[in-house]
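Here is the structure we will look at.
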Amino acid sequence: MKRKFVLTTVILAGVFTAILSADCRAQDPSVLLDKIESANSKANIRKGKFTEERRRKAQAPQNLAGELVFDSAGTLSMTYSAPEGDFFNIAGGFIAMKNNGVENKFDLTKNKPMKSLADLLISSFSGKLQEFSSRNACLISAEKTAASVLVTVSATKKGVKGYSKIVAEYDSRTYLLTSMVMEEFDGSVTAYKME
C-alpha cells in the first residue's frame, strides 16, 4: 500500500513538474517573440480599421481613425477618415503623409527620425521587434496573458527625440498586432488600436 502511494505521488509530481515547466517555456520571451515573428511571416497582406490617439504636452488629445493596409513586403498605408483626407504611407524608401491637410514627403535615407519611425511601424506589424530592438540597442521583454502577448521595447539611452518605450500587444491566438503605445522622450504618446 505504501509503495503504491509513493509511486502515485512520484507520478503526480512528475506530471505537475511537466505542466509547470511547459508553462514556463511558453513564457520564455525569446520563444514568444519567435512565435510572433513566425505567425506574422505567414500573413502577407493585412487590412482593417484602426483608431489613433495622440497626446502632446499642452495640447488637447487628438482622436483619429481610418483604414490601414500592411504588406509584409514592407509597405504600410494608413488612410484617415478622421480627419478625412489625411494619410500616412511607407513605401519605396519614403514616408508620404498628409497631416491636418499639410502634405510632406520624407526620404528615409536622409531623415533619421522618420527612418526610425518607419522601421518601428514595419517591425511591429511584421512581428520583428526583436530585430528592431537589436538594431537600436534597446531592451526587449515579452509576457503572455490569456488574451495577448505584450512586447515592451525600452531605449537604453535617453535622447532629445525618438521613442523611450514601445508596448506592442499581439493576440495570444493569432500573434497579430492588435494595439501599440509609443512613448516619446518628451512625454508625448501615440496609441494605435487595430480592429
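None of the figures in this text is laboratory data; all of them are computed from the coordinates on show. Just so it is clear, the structure is predicted and the values come from calculations on it, not from any experiment. Cβ coordinates were reconstructed from backbone atoms using ideal geometry, including for glycine residues, and neighbour counts include every protein chain displayed.
Structure values in brief
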read-out: Flagged links, alpha-carbon separation over 29 Å, of K47/K157; K57/K98; K57/K157; K47/K115; value: K47/K157
read-out: Separation of the V31 and A146 label points, Cα + 7 Å toward Cβ, nm; value: 2.1
read-out: Point-to-point label distance, S72-E103, nm (Cα→Cβ direction, 7 Å offset); value: 3.3
read-out: Net charge of neighbours whose Cβ lies under 10 Å from the Cβ of P29, counting Lys and Arg as +1 and Asp and Glu as -1; value: -2
read-out: Cubic angstrom per residue, convex hull over Cα atoms of the range 124-186; value: 75
read-out: 5 angstrom amide H check on G162, placed H, neighbours 5+ away; value: F185
read-out: Estimated vicinal HN-Hα couplings, Hz - the range 68-77 in sequence order (Karplus 6.51, -1.76, 1.60; Gly, Pro = x); value: 10, 9, 10, 10, 4, 5, x, 10, 9, 10
read-out: Signed unit charges on C-beta, dipole axis of the range 29-194, positive-most listed residue S116, T79, Q62; value: S116
read-out: Volume in Å³ per residue [convex hull over Cα atoms, computed for the chain]; value: 151
read-out: C-alpha long axis of helix 112-125 to longest principal axis of the chain, angle in °; value: 40
read-out: Given 10 as the ceiling on other Cβ atoms within 10 Å, longest exposed-site-free region of the chain for trypsin sites (Lys or Arg not before Pro) in DSSP loops; value: 58-109
read-out: For the range 174-191, 3J(HN,Hα) per residue [Karplus equation, 6.51 cos²θ - 1.76 cosθ + 1.60, θ = phi - 60°, Hz, x = Gly/Pro]; value: 9, 6, 8, 5, 10, 7, 8, 10, 10, 9, 9, 4, 7, x, 5, 9, 10, 10
read-out: Calculated FRET value between E131 and Q62, using beta carbons and R₀ = 30 Å, to 0.05; value: 0.45
